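The structure appears right after this line, and notes come after that.
The values are calculated or read from the model by the stated rules, or taken from the named source; none is laboratory data. These numbers come from a predicted model, not from an experiment. Ideal geometry is used to build each Cβ from the backbone, glycine not excepted, and the neighbour counts take in all protein chains shown. The protein model used for the area step is the full one, side chains on, heavy atoms only, and it has no ligands, DNA or RNA in it. Shrake-Rupley method; radii C 1.70, N 1.55, O 1.52, S 1.80 Å.
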Amino acid sequence: MTLAIGDGANDVSMIQVADVGIGISGQEGLQAVMSSDFAISRFKHLKKLLLVHGHWCYVRLANMIIYFFYKNVAYVNLLFWYQFFCGFSGTSMIDYWILIFFNLLFTSVPPIIYGILDKDVSAETLLQLPELYTSGQRSEAYLPSIFWMSILDAFYQSFVCFFVPYFAYSGSDVDIYTFGTPINTTMLFIIFLHLIIEGKTWTWIHWTVMFGSLLFYFMFALIYSGTCVSCNPPSNPYWIMEHQLAEPLFYLVCTLATLIALLPRWYLRVFQGTVFPSPLLKARQLDSLRNKAQKDLTQVCRTPSQSVQHAL
């Protein structure tokens, strides 16, 4: 890819032709800035723009794209596994409104926040170790192997999410939506916990959006199932969520399926971080050690003053 940097009107054509254009606002006007993708005020800011924000932007976009593919494949495959039991008639064991809102509302905001605010390595470390920028040049975050591994993981998670409730409810007299409610709820937990495993930065915004999405799902499901008396006859979701939340089997199925589905992903991350740590992972470990040292230093600095105050 080609990067063009200019600060004057004579650089506009170069900035527009390049893959990424950077305009510098200076004495020659704002023509370059108006035609650029990114604008900075001084040449000295170019280092941070490339090494820090360029790295973050690439990693965020790559991870978010992979996550969206994973999320959709995992959820759609739930319907695929069910087709083997309904003669490939296209019947869904999840209510259509829940099915539509799952991607549209329930699981849409957390990955967007993840794609905007996630920071795999701190800005200080990226500036001190400019060689970390080469990971983006080699496309390490979006390799074909990483993509297909995520797709296979999505198939596995959907398989577990479907067949654990299937065997748990086999032999019992339950209707189609009673069978589909724990599957849908379990997939919601799996998708969010998968995001927690893959995320590198967690702030109050992340947790607020995550728990807010979960709360919104349960509130909508409770209100919808409590008021939808004749939505999809002859089977309808009336009062199904309320009955499910009162059953211990529902919580057991959701917990067991979530743990089994996420264990391979978690073990893989632990194995990679222990046996084959990448330079970026080593940089994150350096960040954690630095943060721990700063906290210890802060605690040591506070201790004498607290002792003096106690003595007084």
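Just to be sure before I move on: is ALA168 touching a Lys or Arg at 6+ places or on another chain (Cβ under 8 Å) and aliphatic (A, V, I, L, M) in the structure I sent?
no
Yes/no per residue for (1) assigned to a helix (DSSP H, G or I); (2) at pLDDT 90 or above; (3) touching a Phe, Trp or Tyr at 6+ places or on another chain (Cβ under 7 Å); (4) open to solvent by less than 60 Å² (accessible area, probe 1.4 Å):
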residue	(1), (2), (3), (4)
GLY23	no, yes, no, yes
ALA39	no, yes, no, no
LYS44	yes, no, no, no
LYS48	yes, yes, no, no
ASN63	yes, yes, no, yes
ILE66	yes, yes, yes, yes
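The rows are residues; the columns are (1) within 18 Å of the chain's Cα centre (by Cα); (2) at pLDDT below 95.
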site	(1), (2)
ALA141	yes, yes
CYS161	no, no
TYR169	no, yes
SER172	no, yes
PHE189	yes, no
TRP207	yes, yes
TYR224	no, yes
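Which residue out of VAL12, VAL73, VAL59, VAL52 is more than 32 Å from the chain's Cα centre (by Cα), buried (at least 18 other Cβ atoms within 10 Å of the Cβ), of a type in the set (A, V, I, L, M) and in a helix (DSSP H, G or I)?
VAL12
Confirm whether TYR156 is at pLDDT 95 or above, surrounded by fewer than 19 Cβ atoms within 10 Å (Cβ to Cβ) and of a type in the set (Ser, Thr, Tyr).
The answer is yes for TYR156.
On the basis of being in contact with a helix residue (DSSP H, G or I) (Cβ under 6 Å, 6 or more places away or on another chain) and either at pLDDT below 95 or open to solvent by less than 10 Å² (accessible area, probe 1.4 Å) (or both), does THR178 make the cut?
Yes, satisfied.
If I filter the stretch 182-191 for residues that are out of contact with any strand residue (DSSP E or B) (no Cβ under 9 Å at 6 or more places or on another chain), open to solvent by 10 Å² or more (accessible area, probe 1.4 Å) and over 14 Å from LEU262 (Cβ atoms), do I get at least one hit?
No, the conditions are met nowhere in the stretch 182-191.
Check off (1) over 30 Å from TRP204 (Cβ atoms); (2) free of Cβ contacts under 8 Å to residues at least 60 places away in the same chain; (3) out of contact with any strand residue (DSSP E or B) (no Cβ under 9 Å at 6 or more places or on another chain) for ASN103 and give me the number that stays unchecked.
Every listed condition holds for ASN103 apart from (1).
Return yes when ALA32 is in a helix (DSSP H, G or I), in contact with a strand residue (DSSP E or B) (Cβ under 8 Å, 6 or more places away or on another chain) and either open to solvent by less than 20 Å² (accessible area, probe 1.4 Å) or among the β-branched types (Val, Ile, Thr) (or both) and no when it is not.
Yes; evaluated as a whole, the condition is true for this residue.
I'd like the residue in the stretch 78-97 that is assigned to a helix (DSSP H, G or I) and touching a Phe, Trp or Tyr at 6+ places or on another chain (Cβ under 6 Å) and, out of all such residues, is most open to solvent (accessible area, probe 1.4 Å).
TRP81
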